[in-house]
Amino acid sequence: MVIAMIVAAATCGPSVMADSTDASSEPGIAAVLDFTFDAVDSLPDGEGLAGAIAGRSGSVLIIAGGANFPDSPRWETEKVWYESIQTLDLAADDPGWKTLAESLDGPVAYGVSLTHPRHGVLSIGGANSTSHLASCFSLSINDGELVRTELPDLPVPLAYAAGTLDGDTVVIMGGQSTPGGAASDAVFLLDLDADESAWRRGPPIPSGGRILPVAATHRGEVMLFSGVALEPDGDGGHRRVSPYLVEAWKLDRSSDSEPWIQLADLPRPTAAAPSPAIEVGFDLIAIVGGDDGANLEKINQLKDDHPGFPEDVLVYHSITDRWTTRGAFPGHREAGVQVPVTAATILIAGTGTALDGSTLIASGEIRPRTRTPILTLVTPIIPVQSLAMLDWIAIALYGVVLIGMGIYFSRRENGTEDYFLAGRRIPWWAAGISIFATSLSAITFMSIPAKSWDTDWIYFLQNLGILVVAPFAAFLLVPYFRRLNVVTAYQYLEYRFHWTLRLAASALYMLFQVGRIAIVTLLPALALTAITGLDVSLCILIMGGICIAYTVLGGIEAVIWSDVLQAVILLGGAVWALVILVGGTDGGISGLVADAAASGKIQFADPSWDLTRSSLLVIILGAIFSNLIPYASDQSVVQRYLTVRDEREAKRAIIGGAILAVPASIIFFGLGTALWGFYRSNPELLQPTEKLDQILPMFVVAQLPVGVSGLVVAALFAAAMSSLDSAMNSVATAFTTDWYQRFFPGRDDQKLLRVARIATISIGVVGTGAALLMVRVNDPSLLDVWFKVLGLFGSGVAGVFLLGALSKRTGAIAGWAGLVSGAVCVWTVGYFTDISGLAYAAVGVLSCLVVGMLVGLIDRRATPFELPPRNS
């Protein structure tokens, strides 16, 4: 049986289904969330189970224990408690339920069931016909055999609680210790990986005890929803209180002072809904059904006309703290297909079947004293929005313009001076814009708004570090690069230290850029593919092909002027999106600022000296030293210094690019905050995303007008290509100048120009091919190792440049000692400490300077280096 439900609004016209209870019916609104509800094989006895132990061990479903009522009249019979164990192998060629010969030690129901990737199905507490239980154990399948492993008992018996896994830690919340007793506000935690596992108490639920809540772990945070409060009934017991709870809470385990944070209330109670809640994409949580207490009296009076439980799906967005109702479970009461309660959810993953990514609701109760044998499969579907023809035309025209620029500037190239340095005829303002554009990428275009959308403006200060670094680079480093008449930054290292340092730094730069080309091509392609449905390989080939074409034709001059165009489109698209976002936010700009400030979304600093997190000290260190590395040692940036007429123009270019970074940072961080305000005001429009940095592309494609979205998608391509073209030309420059000319001296200029163009094509093909390979392999770990190894030396190389500029007597030995010590110190800090990665650049640069200076004091053989005068 397959039941499909589209919880959406039509792309134009009214809602597509009457069941879409809260979906917008406004024209032009795209589908916001889809679910499919399927059913796997029903339980073999034809009767369902409430509160069963349910989970997955590998590809095998395990259902054990549970409770039910015999056939009619159900209200007059006693509950039957079970201890049998049933399994279903989802990956078997002929799957079917098996009732094992083994059974539980005794009947168990209404405990917490969780699935752990190594331990299998966890059973925590529960109840039987006479008492509540403290026993805990796990069930797993090993080589086809059932394995039971005992876990520490709970400190107190507990049934009707909620639980979730936070990594390897089991978190149990609420419940009831004795039949008819008070509801518990206790929280218990068990670390499954501890050498001596034992339950420990967590901070109690602040608003009091409850039974039958719903738990969730979302992005590493433990959450608790709804539940039922109990009050004394006057006869020594407790009864349910109506209305049921609509509270939502988040547990911050790292905080001792205020561990519980209250979230927005649910639209209605969801007591006993399938738990843990279902994660949808990266940032949504879905709760299916649940008991809202509307028919509590019929339950208390044992009435037989209970209509069943609510069937709508509540969806919570953790970033905006908003709830929406996204349609309803497609129940058919006459067929017994209704949303169940008192059932565990089981995430299907790693089975190698088509069910991976879906969540199973394991049997459950569809009306008081009525269970269902059906196991319901819930599959969230991330929607895909296709670009319109007008969007494609805008993107195509942009590509044609870039290639046309390459053809135009190719006519002005008479040799390597033009190809590498544009004949030194670039205006300072164009070079400054190009420096700014080169430092950005499509990753930046997506990740900065995503960061402020998710958190706050703490990283804004890191971008402002360029204002400190730019004057330092302009007045300390530019004179060396310009007066020595170098073509690559690494030629300076040979003049100042030794040719071996030049080749080492040049090689590290080229190897790093190969990986960078792959990643800055792949990540935006993946984001656009996830949102628009474009083929990821096609995206990679489009960006790589266009970049190779205009870069190999027009050299650095085409690269710089395309950067200028790309910066205009990039910032123009961002401003356009910002205006639309603010216009769609309740209260406009003033409402956005007020709401964001009240919610802590415009926090600029964490005033702390803690080096293990993004404290103010760490941000300042990152702001200065992370920006210093490209301005001191990155050929992609340094090459722009050399394309202008003279030293004075180079300094103006650096300062101009730095100043441009300030409004750009405000725009990009503002985009994230505006996205937060827009979707907080319009939560029904929010689509699920697979990753955090897909939020801006999702908005662009789903909400911007046709044609405009194409221009902004072109801006995403532009941001990627502004990094690609710079890397291609700069690597070709480094290879030709630092390597080819050294080992093949005396070649004429036209020969060198041909070599440079071949190198440009080669690096473009290799980088694009690496991105395509990563798509095929689908394993980023190799590239992670690549960046980690090469990244050890990045700050050390920058430190060597500074060492040469700040001292006159340090020689080759001091330079090599500084480079190696920088790498060793960065590795040591990264491996043995918890210091934030933002501080690694400072560690590498400062250790290189200190060690290099000390070695320079000992090794006095180096001849003092004198910088040539400005006009030499």
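The values are calculated or read from the model by the stated rules, or taken from the named source; none is laboratory data. The model shown is predicted, which means the values in this text are computed figures rather than measured ones. Note that we place each Cβ from the backbone using ideal geometry, even for glycine, and neighbour counts take in every protein chain shown. Ligands, DNA and RNA are excluded from the accessible area calculation, which covers all protein heavy atoms including side chains. Shrake-Rupley method; radii C 1.70, N 1.55, O 1.52, S 1.80 Å.
One residue stands out in the stretch 655-668 among those that are open to solvent by 10 Å² or more (accessible area, probe 1.4 Å) and over 14 Å from residue 470 (Cα atoms): the one that is farthest from the chain's Cα centre (by Cα), namely 663.
In the stretch 672-725, of all residues being touching a Gly at 6+ places or on another chain (Cβ under 7 Å) and modelled with pLDDT of 85 or more, the one that is nearest to residue 545 (Cα to Cα) corresponds to 678.
Scanning the stretch 598-615 for residues that are open to solvent by 60 Å² or more (accessible area, probe 1.4 Å) and not polar (S, T, N, Q), we see that the one that is nearest to residue 843 (Cα to Cα) is 611. Residues that are within 14 Å of residue 49 (Cβ to Cβ) and part of a loop (DSSP other than H, G, I, E, B) are absent from the stretch 143-152 altogether.
The residue that is farthest from residue 210 (Cα to Cα), counting only those in the stretch 180-190 that are assigned to a strand (DSSP E or B) and modelled with pLDDT of 95 or more, is 190.
Return yes or no: is residue 222 under 27 Å from residue 377 (Cα atoms), open to solvent by less than 30 Å² (accessible area, probe 1.4 Å), under 33 Å from the mean Cα position of the chain (by Cα) and at pLDDT below 90? Taking the combined requirement at face value, the residue does not satisfy it. If you filter the stretch 827-860 down to residues that are open to solvent by 10 Å² or more (accessible area, probe 1.4 Å), β-branched (Val, Ile, Thr) and within 15 Å of residue 793 (Cβ to Cβ), you find that the one that is modelled with the highest pLDDT is 851. Whether any residue in the stretch 204-211 is of a type in the set (Lys, Arg), touching a Gly at 6+ places or on another chain (Cβ under 9 Å) and touching a residue at least 24 places away in the same chain (Cβ under 8 Å) is what I want to check. Scanning the stretch 204-211, I find at least one residue that is of a type in the set (Lys, Arg), touching a Gly at 6+ places or on another chain (Cβ under 9 Å) and touching a residue at least 24 places away in the same chain (Cβ under 8 Å), so the answer is yes. Of everything in the stretch 92-112 that is open to solvent by 50 Å² or more (accessible area, probe 1.4 Å) and not charged (D, E, K, R), the residue that is modelled with the lowest pLDDT is 95.
In this structure, residue 802 does satisfy being over 32 Å from the mean Cα position of the chain (by Cα) and at pLDDT 90 or above. Of the residues making up the stretch 132-148, at least one is surrounded by fewer than 17 Cβ atoms within 10 Å (Cβ to Cβ), among the aliphatic types (A, V, I, L, M) and more than 27 Å from residue 341 (Cβ to Cβ).
When the stretch 549-608 is filtered for residues that are in a loop (DSSP other than H, G, I, E, B), of a type in the set (Ser, Thr, Tyr) and modelled with pLDDT of 85 or more, the ones remaining, listed by number, are 585, 599.
Only one entry in 652, 645 is surrounded by fewer than 24 Cβ atoms within 10 Å (Cβ to Cβ) and not in a helix (DSSP H, G or I), namely 645.
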